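A short worksheet on the structure shown next.
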Amino acid sequence: MVPDPTYGYTLALLSEVGAPPPPEDFAEFWTGRYERARRVDPAPVARPSRHGGSLHDVEFSSLDGVRIGGWLSLPVDGRVERGLVVGHGYGGRAAPDAVVPVERAAVLYFCARGMPARSRLPGIPDTARLHVRHGIAARETYVHGGCAADLWCAVSALCRLVPEAAARVDYLGGSFGGGIGALAVPWDERISSACLVVPSFGNHPLRLTLPCTGSGESVREYARDHPEVREVLRYFDAATAATFLRVPTHVGMALADPAVPPPGQFAVYNALAGPRERFLLTAGHTEYAGMGEEDRALRAAQRDFLNLSF
């Protein structure tokens, strides 16, 4: 366990954490990946889900020829006015969320490549500790680049399956999904706004100095033995990417978190280049008194944010 999940940071100190400067070709690297992903035919397939109702099992193609799985939720009355793509934490996703965060929306819950339960793939570990290091030796092979492409291809699949959803597409993701969202959203002009919760992968140089119980510890250990990986991580820093993120973004950040150190979370929020709104959480990745009430308040804030006209 982490002795102090605040890592000694007060709110004032957290508000001052910045983002590492981008490599000179950072934008070129990401726009190039995005353009490749947009050329992928998602070939989506939707089938009625065993969960019943207006839920469908979905799969679609992503970059590198992989098939990604998930679920599509439709309004009970079939009236769709917008779309929402939802990510997940570093444990994957076993089922769609019980509560849809916006009304009149077609919602696509996707599982990133290698992740349970719908996107396990040969050759990609399905546990956080190993997944986070998969292909990390080079920026072209690092799995997080593929996961960002999965998000972009999820947008393509959603708009193909439900054309009405293209009127406005938003993104929501927490922890792993929050960090991947920060990496992916800046480059996709189809995404109108984003909600990120306790986003991971912010300010890697700082994260590598902070022991934690999450996937960052695996990366920290790897970097200790392979210092050259720091150059690769510069291209996958969620805080650096946030300096290019100009759409309205809502961020839920924890003041204490043993798995995703708060300084990294705040680094993402502090670096955002566009309109932003924050929601402070007592803690992340751990249970605490008042957690249920705080979670309901966060969901209400996200709902209000997503219902704004941007």
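Derivation of every value follows stated rules applied to the coordinates shown; laboratory data play no part. Worth saying up front: this structure is predicted, and the values here are computed from it rather than measured. Glycine gets a Cβ as well: all are built from the backbone with ideal geometry, and neighbour counts include every protein chain shown.
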At q = 0.12 Å⁻¹, base-10 log of I(q)/I(0) for the chain (Debye sum, equal scatterers on each alpha carbon): -0.73
To the nearest 0.05, what FRET efficiency results for Asp295 and Asp225 with a Förster distance of 45 Å applied to their C-beta separation? 0.75
Considering only C-alpha atoms, what is the centroid distance from region 27-63 to region 246-276, in Å? 26 Å
If one takes the longest principal axis of the Cα atoms in the chain, at what angle in degrees, from 0 to 90 and to the nearest 10, does the Cα axis of helix 143-161 lie? 20 degrees
Can you find, among Val169, Tyr269, Val198, the residue sitting farthest towards the positive end of the charge dipole of the chain, where Lys and Arg contribute +1 and Asp and Glu -1 at Cβ? Val169
Assuming 0.36 nm per residue, please report the length gained on full extension of the stretch Val76 to Asp41 beyond their Cα-Cα distance. 9.8 nm
Alpha carbon convex hull of region 26-104, volume per residue in cubic angstrom: 144 Å³
On Cα atoms only, tilt of 291-306 relative to the major axis of the chain in degrees: 60 degrees
With the calculation restricted to Cα positions, what are the radius of gyration and Dmax of region 160-308 in angstrom? 15.7, 50
Taking the Cα atoms only, what angle lies between the long axis of helix 262-271 and the longest principal axis of the chain, rounded to 10 degrees? 70 degrees
What size of dipole, in debye to the nearest 20, comes out for the chain about its Cα centre when the only charges are +1 on Lys and Arg C-beta atoms and -1 on Asp and Glu C-beta atoms? 580 debye
What FRET efficiency comes out for the pair Ala27/Thr141, r = Cβ-Cβ distance, R0 = 25 Å, nearest 0.05? 0.80
Answer in debye to the nearest 20: the dipole magnitude of region 232-297 about its Cα centre, from +1 Lys/Arg and -1 Asp/Glu charges placed on Cβ, is 380 debye
